[in-house]
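Have a look at the structure below, then the notes.
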Amino acid sequence: MKYQKARSSASSRDTAGKRGKGVSQGKTGAPGRGSGTVRIISGRFRGRRLPVLDSEGLRPTTDRVRETVFNWLMFRVAGSSCLDMFAGSGGLGFEAWSRGARRSVLLEKNHQVFQNLKRNAGLLADRDSAGGLEVIEGDALSWVRSYHGEPFDIVFLDPPFRKGMLEEALALLPGIVRPDGFVYVEQESEAAITLPGFLRPYREGRAGQVVYRLFQMAAEGPEKEPA
């Protein structure tokens with residue numbers, strides 16, 4: 001299990017909508033008054049509830065949406081390499097780890113939220129594969145721009161709402177996601193974005209004021225631009 005500090009993600013997911021049903025309010029032992037929990041739905045840590053800091057801007061993906069998304073990805077998560085670019089509660093990255101991802105990287109800018117992610121990662125570590133779970137403190141967009149490692153099989157994109165960050169994040173995906181890899185996008189329903197040509201629509205759903213989509217990278221996408 002790795003904890004790193006990068007140069008300065010855009011911060012945790014925006015509270016533009018209501019706090020999702022996947023977060024229970026009340027005492028959980030997590031730091032910060034009014035903290036809640038996020039539940040891992042399936043895999044080796046099925047049913048485990050992880051403390052979530054009640055931090056401004058935190059908008060965890062609901063249980064129902066996560067279950068749908070991972071059903072779409074059912075046979076693709078085990079053994080994969082995943083990136084949760086705007087981790088927040090960590091629900092997406094930790095769910096992938098529970099379901100057998102070989103590597104799951106969680107990026108988070110907010111220091112207190114990052115610390116909480118570190119504690120939760122410790123609860124999910126195991127001796128055989130702990131090195132594959134990475135929690136990194138820093139700006140997601142800056143980290144991706146400077147990344148030169150192995151492309152990811154799956155990238156989760158749930159940036160803060162109404163900050164205009166989604167299109168910028170999408171533009172950075174070539175070279176970060178392998179050809180035929182998958183990109184999950186969650187955004188406010190009223191937002192209009194221009195999708196890059198290297199993304200192919202795969203599945204789509206709606207939950208209240210949130211639209212969530214799964215895309216697949218083109219088999220031969222454009223090369224990553226030099227940093």
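The values are calculated or read from the model by the stated rules, or taken from the named source; none is laboratory data. The model shown is predicted, which means the values in this text are computed figures rather than measured ones. Cβ placement follows ideal geometry from the backbone for every residue including glycine, while neighbour counts extend to all protein chains displayed. Calculation scope for accessible area: heavy atoms of the full protein, side chains included, ligands and nucleic acids excluded. Shrake-Rupley method; radii C 1.70, N 1.55, O 1.52, S 1.80 Å.
Key figures for this structure:
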| read-out | value |
| --- | --- |
| Residue in region 175-186 that is within 25 Å of Gly149 (Cβ to Cβ) and among the acidic types (Asp, Glu) present | yes |
| Residue in region 193-204 that is open to solvent by 30 Å² or more (accessible area, probe 1.4 Å), under 19 Å from Leu92 (Cβ atoms) and of a type in the set (Lys, Arg) present | yes |
| Selection from region 97-108 of residues that are crowded, with 24+ Cβ neighbours inside 10 Å and in a helix (DSSP H, G or I) | Trp97 |
| Some residue of region 167-177 being among the charged types (D, E, K, R) and modelled with pLDDT of 95 or more | no |
